[in-house]
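Undergrad: I have a structure here, written as structure tokens, and I will follow up with some questions on it.
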Amino acid sequence: MMKKIHVLAIVMMAVVCQPVFADNHAMNNDGINGDLERTRLAKLVQEIDFMQKRVAAIKRQAPSDDRLHFNYRALETDLRLMRSGITQYINASLKLGRVIKPLRGHYSEK
């Protein structure tokens, strides 16, 4: 039973994360551009929110009479930490702003 839960968790993460990283065509020389990265990470936060709800529902329905119990508290803690770290990164990168190229200011032609 425990192996099934671990396999299910791994498969769930693979399925959930796959769409987030599927856009390889939007790369530049430096990798993913900042806006695309923030969009993908924001989507990942939404998916973690969904996973937190699913874990809570599964936890409520878990049998209490088994000899071996899944550590839902550890999973919930890890999901909160992942969500917090991603959110902090998104917010910090937004606070830094973007590099804006200076205007040329020469509008007349000869």
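The values are calculated or read from the model by the stated rules, or taken from the named source; none is laboratory data. These numbers were taken from a predicted model, which means no experiment stands behind them. Note: areas computed on protein heavy atoms with side chains; ligands, DNA, RNA excluded. Shrake-Rupley method; radii C 1.70, N 1.55, O 1.52, S 1.80 Å.
Undergrad: How would 70, 50 line up by accessible area, probe 1.4 Å, largest first?
TA: Working: 70 45, 50 120 Å².
Output order, biggest surface exposure first: 50, 70.
Undergrad: Using a 1.4 angstrom probe with every protein chain in place, what is the largest-first accessible-area order of 78, 65, 49?
TA: On the way: 78 80, 65 130, 49 45 Å².
The ranking, largest first, comes out as 65, 78, 49.
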